Amino acid sequence: MADRVTVIGWDGSPLTAAARSALSAATLVAGAGHHLALPEIPPAAERIRLGSLGLAARRIAGHRGTAVVLADGDPGFFGVVRALRAPEHGLEVEVVPAVSSVAAAFARAGMPWDDAQVVVAQRRTLRRAVNVCRAHTKVAVLTSPGAGPAELALLLEGVHRTFVICEELGTDKERVTVLTSDRAADHSWRDPNVVIVVGGGGPVSADPDWLMGRPTAVAVAAAGARGWARPDPHHPEHGPGVPGGEGESALLRAAQLARLGPRTGDLVWDIGAGTGALAVDAASFGAAVIAVDADPRACERIEVAARHRGVLLQAVAGRAPHVLENLPEPDVVRIGGGGVPVVQACADRRPERIVTHASTRDEAEAIGRALTEGGYAVECALLQSVGMDTRTWREQERSVVFLIAAERPSTR
């Protein structure tokens with residue numbers, strides 16, 4: 001087994017004394033091609049070009065001697081340290097860090113990054129990375145081949161953002177390009193690169209926050225109120241059981257959100273969004289949201305509500321199911337109206353969860369049947385709520401509704 005594994009971060013600057021000392025004693029050195037060409041590597045040392053981290057870790061674990069792994073930037077930040085420290089390898093790791101590629105990219109852009117989300121885009125995670133870019137005003141994307149600036153731009157179609165693309169940071173080929181997202185797909189970009197995605201008009205503060213990368217915390221402070229599924233603040237006469245739009249009583253929204261479980265990286269469709277109260281709540285969880293309503297004026301009001309809460313979402317005017325054809329694939333869907341045809345159209349897109357409601361048992365049975373035929377596991381509950389006037393403790397509006405939640409069985 002390797003006596004010691006030293007992981008050295010490299011950011012293009014001269015190696016530190018600690019890094020040179022570790023390299024001079026190395027009997028095995030692993031890294032990318034440009035790392036293995038460094039003159040400080042002992043000529044007699046075995047060299048491994050990093051490809052599969054798991055395979056390299058197994059070879060290092062079986063090596064008798066002193067091993068060094070070279071990696072770009074800070075190897076503890078979305079880097080090789082996690083793979084090397086996996087319990088099955090039994091390796092003791094010492095780290096000599098360098099400036100991370102994300103920190104370097106923001107430095108080149110002259111921007112702070114304690115309020116930024118940081119995501120890794122690979123082919124399997126690209127869509128989720130794009131959803132984070134939809135939902136947040138500042139995102140750093142660590143790209144990979146096949147999941148780079150052009151692919152990000154293509155999936156962000158219809159959403160305006162500014163890209164700061166930093167190619168080959170720390171090398172003599174370093175290049176920084178600033179352009180709008182709609183133009184990024186027209187270029188070829190060199191690997192490795194980091195993309196800073198900014199825009200969307202969310203809350204901006206000159207004061208530092210206390211928690212990194214959570215603009216939703218800023219949004220809550222801007223809104224001046226805690227909680228979600230609250231009565232619509234633009235309609236103060238609405239009590240807990242009083243609708244703010246089709247299917248939008250606060251208690252029903254709370255139950256729908258609990259079944260949807262929106263989270264960072266998800267794309268939520270809210271169809272028949274009404275006032276946008278549920279869409280705004282879903283966005284406050286960090287999810288990307290597309291709110292669909294047939295009334296263009298409703299879409300305008302939804303955008304106002306989003307700005308009021310300090311969250312980002314996209315409002316699309318159009319009548320379902322036809323307007324859904326050109327929307328990106330959803331993870332979870334809330335249907336506020338449209339009946340069985342809309343339910344069937346959504347089921348055809350295979351989201352993980354679909355949540356809707358019905359006013360009558362016949363309607364609930366028809367929707368449940370359509371979802372079951374679409375391959376979903378369906379549950380239904382009859383919800384009844386009664387708003388109380390706490391000044392007199394008399395009943396106000398009474399609401400009775402069937403809550404229907406469907407889940408794709410493969411996700412369980």
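Out of the residues in the range 48-80 meeting the condition of being in a loop (DSSP other than H, G, I, E, B) and of a type outside the set (Gly, Ala, Ser), tell me which one is most open to solvent (accessible area, probe 1.4 Å).
The residue in question is Arg64.
What pairs come out if I take residues in the range 145-161 that are in contact (Cβ under 8 Å) with a residue 24 or more places away in the chain and pair them with residues that are of a type in the set (Phe, Trp, Tyr) and part of a loop (DSSP other than H, G, I, E, B) whose C-beta lies under 6 Å away, six or more apart or interchain?
Gly148/Trp189; Pro149/Trp189
Looking at (1) open to solvent by 50 Å² or more (accessible area, probe 1.4 Å); (2) over 18 Å from Gly200 (Cβ atoms); (3) at pLDDT below 95; (4) not in a loop (DSSP other than H, G, I, E, B), can you tell me which one Arg259 breaks?
Looking at each condition in turn, Arg259 falls short on (3).
Does Arg350 qualify as being open to solvent by 50 Å² or more (accessible area, probe 1.4 Å), at pLDDT 95 or above, in contact with a Lys or Arg (Cβ under 9 Å, 6 or more places away or on another chain) and not hydroxyl-bearing (Ser, Thr, Tyr)?
Details: open to solvent by 50 Å² or more (accessible area, probe 1.4 Å): yes; at pLDDT 95 or above: yes; in contact with a Lys or Arg (Cβ under 9 Å, 6 or more places away or on another chain): yes; not hydroxyl-bearing (Ser, Thr, Tyr): yes.
Judged against the criteria, Arg350 is a match.
With the condition kept exactly as written, say whether any residue in the range 320-336 is modelled with pLDDT of 95 or more, touching a helix residue (DSSP H, G or I) at 6+ places or on another chain (Cβ under 6 Å) and farther than 27 Å from Thr264 by Cα.
No, there is no match, as no residue in the range 320-336 is modelled with pLDDT of 95 or more, touching a helix residue (DSSP H, G or I) at 6+ places or on another chain (Cβ under 6 Å) and farther than 27 Å from Thr264 by Cα.
Report whether or not Val386 is surrounded by 12 or more Cβ atoms within 10 Å (Cβ to Cβ) and closer than 17 Å to Leu278 by Cβ.
Answer is no for this residue.
If you go through the range 107-118 one residue at a time, do you hit one that is aromatic (Phe, Trp, Tyr), open to solvent by 30 Å² or more (accessible area, probe 1.4 Å) and under 30 Å from Ser24 (Cα atoms)?
For the range 107-118, residues aromatic (Phe, Trp, Tyr), open to solvent by 30 Å² or more (accessible area, probe 1.4 Å) and under 30 Å from Ser24 (Cα atoms): absent.
Considering only residues of the range 81-101 that are of a type in the set (Gly, Ala, Ser) and part of a loop (DSSP other than H, G, I, E, B), which is surrounded by the fewest Cβ atoms within 10 Å (Cβ to Cβ)? Can you show your working first?
Within the range 81-101, the first condition is being of a type in the set (Gly, Ala, Ser), and the residues that meet it are 83, 86, 90, 98, 100-101.
After this cut, where a residue has to be part of a loop (DSSP other than H, G, I, E, B) as well, the list is 86, 90, 98, 100.
On the way: Ala86: 13, Gly90: 10, Ala98: 22, Ser100: 25.
Among residues in the range 81-101 that are of a type in the set (Gly, Ala, Ser) and part of a loop (DSSP other than H, G, I, E, B), the one surrounded by the fewest Cβ atoms within 10 Å (Cβ to Cβ) is Gly90.
Can you tell me which residues in the range 368-410 are within 14 Å of Arg353 (Cα to Cα) and in contact (Cβ under 8 Å) with a residue 60 or more places away in the chain?
Passing the criteria: Leu403, Ala405.
Does Ala104 meet the test of being of a type in the set (Gly, Ala, Ser), touching a residue at least 60 places away in the same chain (Cβ under 8 Å) and crowded, with 22+ Cβ neighbours inside 10 Å?
Working: of a type in the set (Gly, Ala, Ser): yes; touching a residue at least 60 places away in the same chain (Cβ under 8 Å): yes; crowded, with 22+ Cβ neighbours inside 10 Å: no.
For Ala104, the condition - of a type in the set (Gly, Ala, Ser), touching a residue at least 60 places away in the same chain (Cβ under 8 Å) and crowded, with 22+ Cβ neighbours inside 10 Å - is not met.
So His34 fits all but one of (1) open to solvent by 60 Å² or more (accessible area, probe 1.4 Å); (2) of a type outside the set (D, E, K, R); (3) in a loop (DSSP other than H, G, I, E, B); what number is the exception?
(3)
Please enumerate the residues belonging to the range 10-21 that are open to solvent by 10 Å² or more (accessible area, probe 1.4 Å) and among the small types (Gly, Ala, Ser).
If the condition is that a residue be open to solvent by 10 Å² or more (accessible area, probe 1.4 Å) and among the small types (Gly, Ala, Ser), then Gly12, Ser13, Ala17, Ala18, Ser21 are the ones that fit.
Filter the range 270-291 down to residues that are touching a Leu at 6+ places or on another chain (Cβ under 7 Å) and part of a strand (DSSP E or B), then give me how many there are.
Of the residues in the range 270-291, 5 are touching a Leu at 6+ places or on another chain (Cβ under 7 Å) and part of a strand (DSSP E or B).
Among Gly65, Gly90, which is out of contact with any Lys or Arg (no Cβ under 8 Å at 6 or more places or on another chain) and modelled with pLDDT under 90?
Gly90
Any idea how many residues of the range 353-379 are crowded, with 17+ Cβ neighbours inside 10 Å and either acidic (Asp, Glu) or over 26 Å from the mean Cα position of the chain (by Cα) (or both)?
Residues meeting the conditions: 9.
I'd like to check something: does the range 237-247 contain any residue that is among the small types (Gly, Ala, Ser), open to solvent by 40 Å² or more (accessible area, probe 1.4 Å) and either at pLDDT 60 or above or closer than 21 Å to Gly338 by Cα (or both)?
There is no residue in the range 237-247 that is among the small types (Gly, Ala, Ser), open to solvent by 40 Å² or more (accessible area, probe 1.4 Å) and either at pLDDT 60 or above or closer than 21 Å to Gly338 by Cα (or both).
I need the full set of residues from the range 329-356 which are of a type outside the set (A, V, I, L, M, F, W, C) and farther than 18 Å from Ala273 by Cβ, in order please.
Matches in the range 329-356: Glu329, Gln344, Asp348, Arg350, Glu352.
The values are calculated or read from the model by the stated rules, or taken from the named source; none is laboratory data. Predicted model only: the values in this text are computed from it and were never measured. Cβ: placed from backbone, ideal geometry, glycine included. Neighbour counts: every protein chain shown. The protein model used for the area step is the full one, side chains on, heavy atoms only, and it has no ligands, DNA or RNA in it. Shrake-Rupley method; radii C 1.70, N 1.55, O 1.52, S 1.80 Å.
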